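*Asks:* Below is a structure I'd like to ask you about.
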Amino acid sequence: MQIIFKFDTPFGSFCDALNLPDDHGLTDEQLEAMKQERLTNWLAVVNPSPEQIEAMRLEQLAFEEAAVEPTEEV
C-alpha cells in the first residue's frame, strides 16, 4: 500500500509517500505522525536553524583542515 501525501509550506510543496504492507496495522494517528516526521526532517534541510548552520560550518572547517594537514614522511 502506498500513501501519498503533500504539504504546502512557505518553502514550496513537500510531496512524499509511505510505502507500507497492506496489513500494516498502524493507526491514523501513527500514520499522521510518520508524515509529520518526514515533513519536519525536510524542513530542517531546506530551512536549517542558526545552530544547525553553525554546526555545519564548523564541520566543514574541520574537514578542510584535515584535508590540508601535511602528511608525515618516512
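The values are calculated or read from the model by the stated rules, or taken from the named source; none is laboratory data. Only a predicted model underlies this, so the values are computations on that prediction, with no experimental measurement involved. Positions of Cβ are generated from backbone atoms using ideal geometry, with glycine treated the same way; all protein chains shown enter the neighbour counts.
*Asks:* So, of the residues in region 19-34 that are farther than 11 Å from residue 3 by Cβ and not in a loop (DSSP other than H, G, I, E, B), which turns out to be farthest from the chain's Cα centre (by Cα)? Before the answer, list the steps.
*Replies:* Initially, region 19-34 is screened for residues farther than 11 Å from residue 3 by Cβ, giving 21-23, 25, 27, 29-30, 33.
After this cut, where a residue has to be not in a loop (DSSP other than H, G, I, E, B) as well, the list is 29-30, 33.
On the way: 29: 21, 30: 19, 33: 15 Å.
So, considering only residues that are farther than 11 Å from residue 3 by Cβ and not in a loop (DSSP other than H, G, I, E, B), the one farthest from the chain's Cα centre (by Cα) is 29.
*Asks:* Within region 35-48, how many residues are under 10 Å from residue 16 (Cβ atoms) and either of a type in the set (Gly, Ala, Ser) or not in a helix (DSSP H, G or I) (or both)?
*Replies:* 0
*Asks:* Further, regarding this structure: List, please: which pairs have Cβ atoms under 6 Å, are six or more places apart or on different chains, and start with a residue in region 8-19 that is more than 13 Å from residue 41 (Cβ to Cβ) and aliphatic (A, V, I, L, M) and end with one that is at pLDDT 95 or above and in a strand (DSSP E or B)?
*Replies:* So the pair list comes out as 17/2; 17/4; 18/3.
*Asks:* A further question on this structure: Report, by residue number, each residue of region 22-65 that is surrounded by 10 or more Cβ atoms within 10 Å (Cβ to Cβ), more than 21 Å from residue 8 (Cβ to Cβ) and among the small types (Gly, Ala, Ser).
*Replies:* If the condition is that a residue be surrounded by 10 or more Cβ atoms within 10 Å (Cβ to Cβ), more than 21 Å from residue 8 (Cβ to Cβ) and among the small types (Gly, Ala, Ser), then 55, 62 are the ones that fit.
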